[in-house]
Amino acid sequence: MYNGGKILIGLLIFVGLVTFPYWDNIGKATVKPDPKVDTPEIMKLPESERKCVEATSFIKTEHMKLLNEWRDWVVRDADGVYTNAEGRKYTMSLQNTCMKCHSNKTKFCDECHNYVDVKPYCWDCHIAPKEKEI
Amino acid sequence: MSIKRREFLKLAGISTVLGFGGVSAVTGLRRTLEASEVMPNPEALVAKKWGMVVDMSKFKTEEDYQRCIDACNHVHNVPSIDNPKKEIKWIWEEHYENAFPGNEAPYLSEKIKELPFLVLCNHCTNPPCVRVCPTKATFKRKSDGIVMMDMHRCIGCRFCMAACPYGARSFNWEDPRPFIKKEQGNYPNPEFPTRTKGVVEKCTFCYERLAKGLKPACVEASKGALLFGDLEDPNSEVRQVLGSRYSFRRRPELGTQPNVYYIF
């Protein structure tokens, strides 16, 4: 191999750079996200009423799609009321429905969004509720 | 085995017809939420075509105008920016020569010349802003004729501002939040979003209030100087007034068919 030493050193540097994010993070404990749903608004409700618009598992994975759908229904079709599988009715609104219960944006939204490093632009326009100390 | 071009085209055609072509993620979502459904709020005010009548005879003092403008600005978190190049307007005052250009007769009474007219988006039946929008961020709602904005889609190209002959659209050159007026203990209005830098905004005929069964904020504040109702309903208040009094619209020669009428 011509210039074998140089190639090997080059390769080593290359592999090192590419894998940098991995070994840079080794040993660093990342705090597991722990979103909180214990806002005063939710705690006020009786146990049986503490339910989200849809099942928790569904909301966990699909909330962003549901919000997009809600927006289209409200803005484009002038449909304002959402009836879920259980027949409960909700006004479709991030600011006036979701955040009325989940009044803890930092511990509810940001907790996971920061962990997975997504930056949804909801709060550029929508107004987050004022957070109270629990 | 290779597939002939002709066979490929046939297959593509058939699958498109059968609807295999455009299955989106959202269709999947709809299926998982089979039991859920959406509907308009039963209390919502509904109309085939919303329209407004501005009764200029009832605007006597500056306060009469300001009441309507302030009501709108507060409800929608409209910022007040002094620089006229950057200002945001939903409903505002305009002199006759600017509101109705081409109609300035040489001996027009001073009173009319100096009179400010209250102007806003005309929610045209044939809106040029909608025609030019490349993303369908602005669109004419089929159910009630409101020319709407979907802020999530607006890319800030400002074609609509160039197309609108009434100057009813404003662009956010910077983050509007610091410019929202501090109202009594309610700043900004927590029920309505603000806008962000880089989107175009305008009057929406208070679609969010109509959905709750309330008339637009300016109409409510006007003490009867602004009338609001269904232009397709011959028994509505607006149609009664239009049927009995002389009315005019802004720049009718353009064929945009404005739905905001003025009477004296």
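The values are calculated or read from the model by the stated rules, or taken from the named source; none is laboratory data. Just so we're clear, the structure is a prediction, and the values are computed from it rather than from any experiment. Every residue, glycine as well, gets a Cβ built from its backbone with ideal geometry; the counts of neighbours run over all protein chains shown.
Right, residue A:103: surrounded by 11 or more Cβ atoms within 10 Å (Cβ to Cβ), among the hydroxyl-bearing types (Ser, Thr, Tyr) and under 18 Å from residue B:38 (Cβ atoms) or not?
no
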Is it the case, given these coordinates, that residue B:75 is out of contact with any strand residue (DSSP E or B) (no Cβ under 9 Å at 6 or more places or on another chain), at pLDDT 90 or above, hydrophobic (A, V, I, L, M, F, W, C) and surrounded by 14 or more Cβ atoms within 10 Å (Cβ to Cβ)?
yes
Top-ranked residue in the stretch A:69-89 [being more than 7 Å from chain B (Cβ to nearest Cβ) and crowded, with 19+ Cβ neighbours inside 10 Å; ranked as farthest from the chain's Cα centre (by Cα)]:
A:74
Considering only the stretch B:121-140, I want to know if a residue exists there that is within 26 Å of residue B:60 (Cβ to Cβ) and within 17 Å of the chain's Cα centre (by Cα).
yes
Give me the residue from the stretch A:106-134 that is charged (D, E, K, R) and within 9 Å of another protein chain (Cβ to nearest Cβ) and, out of that set, surrounded by the most Cβ atoms within 10 Å (Cβ to Cβ).
A:124
Matching residues, the stretch B:168-218, being touching a strand residue (DSSP E or B) at 6+ places or on another chain (Cβ under 9 Å) and of a type in the set (Lys, Arg)
B:169, B:195, B:202, B:212, B:215
Selection within the stretch B:200-216 - closer than 25 Å to residue B:173 by Cα, of a type in the set (D, E, K, R) and in a loop (DSSP other than H, G, I, E, B)
B:202
In the stretch A:10-45, which residues are more than 30 Å from residue A:98 (Cα to Cα), hydrophobic (A, V, I, L, M, F, W, C) and surrounded by 10 or more Cβ atoms within 10 Å (Cβ to Cβ)?
A:11, A:12, A:13, A:14, A:15, A:20
For residues in the stretch B:27-65 being within 7 Å of another protein chain (Cβ to nearest Cβ) and in contact with a strand residue (DSSP E or B) (Cβ under 8 Å, 6 or more places away or on another chain), which is modelled with the lowest pLDDT?
B:36
Looking at the stretch B:108-191, what helices (runs of 4 or more DSSP H) fall wholly within it and have at least 1 residues that are small (Gly, Ala, Ser)?
B:159-163
Selection over the stretch B:217-237 where residues are within 18 Å of the chain's Cα centre (by Cα), part of a helix (DSSP H, G or I) and not acidic (Asp, Glu) yields a count of 3
